[in-house]
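Enquirer: Here it is, the structure, as structure tokens.
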Amino acid sequence: MKNIVILISGGGSNMAAIVKTAQRDGWRERLGAQVAAVISNKLDAKGLVFAREQGIATEVLDHKAFASREEFDAALAAVIDRFDAPGAPVLVVLAGFMRILTPGFVNRYAGRLVNIHPSLLPAFPGLHTHQRAIDAGCQFAGVTVHQVTAELDHGPILAQAVVPVLPDDTADTLAARVLTQEHVIYPRAIAGLLQK
Ligand code: GAR
């Protein structure tokens with residue numbers, strides 16, 4: 001069985017969309033894959049509640065308890081690697097995981113580490129993507145699923161979805177429109193990776 005480990009920091013709606021799609025589409029039977037664990041760097045991440053209700057293993061690793069980024073990432077990797085299966089290295093899915101990862105961590109999971117970012121990359125890497133798209137006068141915004149490389153919010157693009165920016169949009173209304181698309185393309189992109 002190929003294990004998927006999902007990393008979150010907050011609401012976990014993308015994680016929930018992946019879990020629900022895996023159940024609905026029978027990833028276990030069809031793709032030999034399962035969401036094996038959800039890891040959060042925040043104790044109060046709402047997504048942990050949903051994951052536990054689904055019977056998925058959860059772990060919290062508080063980044064503030066570590067002296068350096070390297071130490072946190074080493075501890076994170078140690079938890080993730082528990083879910084490697086013989087001949088089937090774990091797939092690591094960042095879903096609203098708001099930590100910058102060290103090059104060492106990224107290299108360790110090269111080719112099996114994916115992220116979702118709420119902009120049409122390469123436009124607007126980093127934070128406050130929706131406000132920046134509005135401020136720039138963009139008529140379209142969107143979301144990108146990409147392989148993670150050492151450079152933040154870069155890496156080969158696996159999927160994108162586009163939404164219009166409407167005249168009255170605020171960052172919140174635009175974010176909500178984009179999030180709806182996130183929930184469609186992230187599970188689909190992961191299923192695509194699992195089929196390879
Ligand atoms: C999502 O919009 C995701 O694209 C974004 O955080 C939100 C998490 O929502 N990720 C980033 O900004 C990463 N730089 P969720 O916890 O409900 O999935």
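Readers should treat all values here as calculations from the given coordinates under stated rules, not as data from a laboratory. None of these values were measured; they are calculated from a predicted model. FYI the Cβ positions are ideal-geometry reconstructions off the backbone, even for glycines, and counts take in every protein chain you see.
Enquirer: In the range 98-196, if every C-alpha pair distance is counted and binned at 10 Å from zero, what percent goes to each bin?
Expert: Result, from short to long distances: 16, 45, 30, 8, 0 percent.
Enquirer: Now, a different point. Just how far, in whole angstrom, is the range 72-102 from the range 111-135 if you go by their alpha carbon centroids?
Expert: Here the answer is 21 Å between Cα centres.
Enquirer: Quick one: length gained pulling LEU166 to ASP84 fully straight, 0.36 nm per residue minus the C-alpha distance?
Expert: Stretched fully, the LEU166-ASP84 segment lengthens by 25.1 nm.
Enquirer: Using only Cα atoms, find the angle between the long axis of helix 69-81 and the longest principal axis of the chain, and express it within 0 to 90 degrees, rounded to the nearest 10.
Expert: Approximately 60 degrees, to the nearest 10.
Enquirer: Ok, one more. Connecting C-alpha atoms closer than 10 Å in a GNM of the chain, tell me which of GLY111, GLY126, GLY11 has the biggest fluctuation.
Expert: GLY126
Enquirer: If you don't mind, another one. Once you treat every alpha carbon in the chain as an equal point and sum by Debye, what is log10 I(q)/I(0) at q = 0.08, 0.11, 0.17 Å⁻¹?
Expert: -0.25, -0.48, -1.15
Enquirer: In the Gaussian network model of the chain, springs joining C-alpha atoms below 10 Å, which of VAL184, VAL90, VAL145 carries the largest mean-square fluctuation?
Expert: It is VAL184.
Enquirer: On C-alpha positions alone, give me the angle between the axis of helix 13-24 and the longest principal axis of the chain, in degrees, nearest 10.
Expert: In the chain, helix 13-24 runs at an angle near 60 degrees to the longest axis.
Enquirer: Moving on. Taking the chain as a Gaussian network, where each spring joins two C-alpha atoms under 10 Å apart, which residue of PHE50, PHE66, PHE83 fluctuates the most?
Expert: PHE66
Enquirer: Quick one: helix 171-195 against the long Cα principal axis of the chain, what's the angle to the nearest 10°, folded into 0 to 90?
Expert: Long axis of 171-195 versus the principal axis of the chain: about 40 degrees.
Enquirer: Here's another thing I want to ask about it. Return the equivalent ellipsoid semi-axes of the range 52-158 as a descending list in whole Å, where each equals the square root of 5 times an eigenvalue of the C-alpha gyration tensor.
Expert: On the way: eigenvalues 154, 50, 43 Å².
With the √(5λ) rule applied to the range 52-158, the semi-axes are 28, 16, 15 Å.
Enquirer: Taking the Cα centre of the range 27-174 as origin, work out the dipole magnitude from +1 charges on Lys and Arg Cβ and -1 charges on Asp and Glu Cβ, in debye rounded to 20.
Expert: So the magnitude is around 340 debye.
Enquirer: Kindly state, as a whole number, the per residue volume in cubic angstrom of the convex hull around the alpha carbon atoms of the range 98-150.
Expert: Value for the range 98-150: 70 Å³ per residue.
Enquirer: For the range 11-128, what proportion of DSSP beta bridges, expressed in % and rounded to the nearest 5, is antiparallel?
Expert: Percent antiparallel among DSSP bridges in the range 11-128 is about 10.
Enquirer: With +1 on each Lys and Arg Cβ and -1 on each Asp and Glu Cβ, how big is the dipole of the range 1-83 about its Cα centre, in debye rounded to the nearest 20?
Expert: Dipole of the range 1-83, to the nearest 20 debye: 340 debye.
Enquirer: Let me ask something else about it. For the chain, what is the calculated [θ] at 222 nm in deg cm²/dmol (nearest 500), taking -39500 (n - 2.57) for each run of four or more DSSP H residues and dividing by its residue count?
Expert: Details: 7 runs with 75 residues, N = 196.
Computed mean residue ellipticity for the chain: -11500 deg cm²/dmol.
Enquirer: With +1 on each Lys and Arg Cβ and -1 on each Asp and Glu Cβ, how big is the dipole of the range 53-109 about its Cα centre, in debye rounded to the nearest 20?
Expert: About 140 debye.
Enquirer: Right, something else. Determine the shape class of the range 22-102: with a ≥ b ≥ c the square roots of the Cα gyration tensor eigenvalues, call it rounded for a/c under 1.5, and otherwise prolate if a/b is greater than b/c, oblate otherwise. Don't jump to the answer; show the numbers that get you there.
Expert: Values: a/c = 2.45, a/b = 1.50, b/c = 1.64.
Oblate shape, in that a/c is at least 1.5 and b/c is the bigger or equal ratio.
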